[in-house]
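One structure below.
Derivation of every value follows stated rules applied to the coordinates shown; laboratory data play no part. Quick caveat, the model's predicted, so the values are computed rather than measured. FYI the Cβ positions are ideal-geometry reconstructions off the backbone, even for glycines, and counts take in every protein chain you see.
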Amino acid sequence: MPKPVRISALALVLGAAMMLLAPAPQAVAQSAAFVNAVDLDIVPAEMEKFMAAIKENGAAAVTEPGCREFNIQVLASNPLHVFLYEVYDNAAALEAHRATDHYKKYSATVANMVSKREVRPMNAIAFNSKSR
């Protein structure tokens, strides 16, 4: 006959506390974010006008409820290659951004300024940063 397992009261209390303190799966899912990564090659003669348009769009985007970040970078080895890193609460927030007047204005303005576009939607896993 197997011996009975004895569990101390302290082990039971610690186990219960760990279960109560563990984040619920729903809370983790709610903190997830949606990333829109966009690579753009800009027509050389249009770069100055493009930068004005994208900066205006990005500044307006971060005022939207679902937009967390709208970052604009230029490739160090190719100043005509622009990389956009946009972070939204979810894919619906990105779609809401695309329905705004400022995005529609940006899109119409830059239609002939972009020679190549690659859009990569991503699900965010972790954001790591430190305060400055």
*asked:* Quick check: pseudo-label points 7 Å beyond the Cα along Cα→Cβ at residue 92 and residue 126, how many nm apart are they?
replied: 2.9 nm
*Would you mind getting me the FRET efficiency between residue 77 and residue 111? Use the beta-carbon distance for r and R0 = 30 Å, nearest 0.05.*
0.70
_Please give the charge dipole size of region 38-132, origin at the Cα centre, charges +1 on K and R Cβ atoms and -1 on D and E Cβ atoms. Round to the nearest 20 debye._
140 debye
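For region 44-122, what is the convex hull (Cα atoms) projected area averaged across all directions, in square nanometres?
5.2 nm²
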_I need to check one value: relative contact order of region 63-132, counting alpha carbon pairs closer than 8 Å and at least 6 residues apart, in percent._
23 percent
*Cross-link partners among aspartates and glutamates for residue 55, C-alpha distance below 18 Å, same-chain residues fewer than 8 apart left out?*
39, 41, 46, 64, 69, 86, 101
